[in-house]
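Down below is the structure, laid out as structure tokens.
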Amino acid sequence: MNRYFFLGSLIIIAHSSLAQTSYSITDVIQLAINQSPFTKQAQTQKETSYWQFLSYKTNYNPQLRLGATTPYSSGYSNTPQNDGSFAYRLATNFTPFMNLGLQQPIPWTGGTISVNTSYSYINSAPASPIPKYEGWQSGLYNIQLTQPVFSYNPLRWDKRTKPILLEESKRQYVQTLESISQEAASRFFDVLTYQVNEQIAKFNLANNDTIHKIEQGRYNIGTTSQDKLLQVELQLLKSRQDVAQAKLDFQNALLRLRTFIGIKDGESFSLTLPENIPAFDLTEEEALRYAKKNRADYIAFERRRIEAEANVAQAKGQRYQANITASYGLNNSALILSDLYTRPSNQQMGSVSFNIPIVDWGRRKSLMQTAYANKRLNDFVIAQDEVNFEQEIITQVRQFELLRLQIEITRKSDAVAQERYMVAQNRYLIGKIDITNLGIALTEKDNAKRSYIQALKSFWTSYFNLRRLTLYDFATGKELYQQSD
């Protein structure tokens, strides 16, 4: 029966006797990063942010646009007469129009400068006695400036926030990969935990079956009571139930791991218990320094401040609406297209428009005060988020030494509990202790094994969480995110 005592301390977890692939925690994490649907989601989000940034960049580039309309009408219309009057006459009109324009935004002022050329044609065939008219009109070229005054300039504010958003997306992608690594490590240890529970349950079933046979023999010769025999029988029945539940829990945990890392159901594999933990020196100051250098959350604080300032600027820009428009060019009209370029005339235009509310019952003031209040609230929230940002990292760093110590303690406790149970079992066999004390030793052995597995899980998940919080691998001394120029 002693061979069962070694099952709880196995390092290689195997669910069947068939040859199968053995995965370390690093292998499982790499599979998750390569195959997990969450990785594909993160890649898509990163790609979306990249294209959004390219779209933003085009807002500062010139745009060449071609526009055209081809209106056609036939019927009664208000038609000018020879004496200058108007009358409803039956007429057929075809008046196509085309404009080609090159527009260039002015990011410093929010205005737009454009160069345009346009052509229009009219073919009007009214009823007699008005003669048919056919001709061309063209704005040969036109330079136009449109400039809002005292208004919100989105191009100016986008230039400050959009590059930060792109950088955030790159860092967030790496953080997401580390979150996937942490989740993969957690599911890895869930499988190991339930596998050990199944091994413990099978060992306890075999052990209780042996004890039941021993007690049955003692009862038959009158050296034990029926009460103790029934107690052992109940333990045997409970052990059978525990084996069935442990097997179900293990299969569910295995399915969750397969789903997460993208392994097919038909592929058999085992997991290697990662007992060799990485050793590295860790200080709060160093962890905070890497977190502030690499984390998306930290640069997001500045972006959120700028966005709050932009909201205030937008509220100010809504108080008054004023625009200045000026244009200069050449235009002409002719009966045939080629004559449009003969002795064209100057075309000049200028306008100033404004819309200023005189009485608005405090609406503008309310909008401004709301914007200021939201900015103050945003500043308070960011300040608290910065405190939480640092506190989370400090707490994680302070846990590490405790986690290392916990592993050493639970490893030693596991070995001691195993040895104690073997001693207790031998004493039970020679009648020195009763079944109750043997059960206590068995429970302590099982709990010690579970505590050791849980201590390893706490360390590894915390290790990958620290990588996520700092984007730095303290075990290898490598930064997980490299900022591109």
What is the percent of Cα-Cα separations in the chain that go past 39 Å? 57
Using a Förster distance of 56 angstrom, determine the FRET efficiency expected from the C-beta separation of ALA326 and LYS264, and round it to 0.05. 0.20
Using the basic label-point model (7 angstrom from Cα toward the beta carbon), what is the GLN41 to TYR60 distance in nanometres? 3.4
With the contact rule set at Cα under 8 Å and sequence spacing of 6 or more, what percent relative contact order holds for the chain? 20
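May I ask for the Rg/Rh ratio of region 350-485, computed from Cα atoms with Rh as the Kirkwood radius, given to two decimals?
Working: Rg = 31.3 Å, Rh = 21.4 Å.
Ratio of gyration radius to Kirkwood radius: 1.46.
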With viscosity set to 1.567 mPa s and temperature to 4 °C, compute the Stokes-Einstein D of region 332-413, Rh being the Kirkwood radius across alpha carbon pairs; µm²/s, no decimals. 61
Calculate, in whole percent, how much of the Cα-Cα pair population of region 239-308 lies beyond 14 Å. 78
Cα Rg, Dmax, region 367-413, angstrom units: 20.4, 67
I'd like the FRET efficiency for LEU429 and GLN399, computed as 1/(1 + (r/R0)^6) with the beta carbon distance as r and R0 of 41 Å, rounded to 0.05. 0.40
I'd like the Karplus ³J(HN,Hα) series for region 458-471: coefficients 6.51, -1.76, 1.60, θ = phi - 60°, whole numbers in Hz, and an x wherever there's a Gly or Pro. 4, 5, 5, 5, 5, 4, 6, 5, 5, 4, 5, 6, 10, 6
If I model region 133-290 as equal point scatterers sitting on the Cα atoms and use the Debye formula, what is log10 I(q)/I(0) at q = 0.10, 0.17 Å⁻¹? -0.74, -1.11
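What is the extension gain from TYR133 to THR95, computed as 0.36 nm multiplied by their sequence separation minus the C-alpha to C-alpha distance, in nm to one decimal?
Numbers: separation 38, 0.36 × 38 = 13.68 nm, distance 1.14 nm.
Fully extending the segment from TYR133 to THR95 adds 12.5 nm.
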Along the charge dipole of the chain, pointing to its positive end and built from +1/-1 on Cβ of Lys, Arg, Asp and Glu, which listed residue (GLY75, THR161, ASN142) has its Cα farthest out? GLY75
Apply the Karplus parameterisation 6.51 cos²θ - 1.76 cosθ + 1.60, with θ equal to phi minus 60°, to every residue of region 366-375 and state each ³J(HN,Hα) to the nearest whole Hz, in sequence, with x for glycine and proline. 5, 4, 5, 5, 5, 5, 5, 5, 5, 5
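Quick check on the chain: helices-only [θ] at 222 nm, where DSSP H runs of length 4 and up contribute -39,500 (n - 2.57) each and the sum goes over total residues. Nearest 500, please.
Details: 8 runs with 273 residues, N = 485.
Result for the chain: -20500 deg cm²/dmol, rounded to the nearest 500.
In nm, what is the difference between 0.36 nm times the number of residues separating VAL352 and GLU307 and their Cα-Cα distance?
The VAL352-GLU307 span can extend by a further 13.1 nm.
With the contact rule set at Cα under 8 Å and sequence spacing of 6 or more, what percent relative contact order holds for region 324-445?
Relative CO of region 324-445 lands at 15 percent.
Can you tell me the alpha carbon radius of gyration of region 136-192 divided by the globular rule-of-thumb value 2.2 N^0.38 Å?
On the way: Rg = 25.7 Å, N = 57, 2.2 N^0.38 = 10.2 Å.
Ratio of Cα Rg to 2.2 N^0.38 Å: 2.52.
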With θ set to phi - 60° and the Karplus curve 6.51 cos²θ - 1.76 cosθ + 1.60, what are the ³J(HN,Hα) couplings of region 278-289 in order, to the nearest whole Hz, using x for Gly and Pro? x, 10, 7, 7, 9, 10, 5, 4, 5, 5, 5, 5
Using alpha carbon coordinates only, what is the Rg to Rh ratio of region 84-188, with Rh defined as the Kirkwood radius? 1.43
With labels modelled as points extended 7 Å from the Cα through the Cβ direction, what inter-label distance (nm, one decimal) is found for ASP281 paired with TYR341? 8.0
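Expressed as a whole percent, how much of the Cα-Cα distance distribution for region 223-366 exceeds 18 Å? Let's see the in-between values first.
Working: 8689 of 10296 pairs.
Distances greater than 18 Å cover 84 percent of the Cα pairs.
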Taking Cα pairs under 8 Å and at least six residues apart, what relative contact order does region 99-160 come out at, in percent? 36
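We did not get these values from a lab; they are worked out from the coordinates using the rules stated. Note that this is a predicted model, so its numbers are computed, not measured. Every residue, glycine among them, receives a Cβ derived from its backbone with ideal geometry; neighbour counts consider all protein chains shown.
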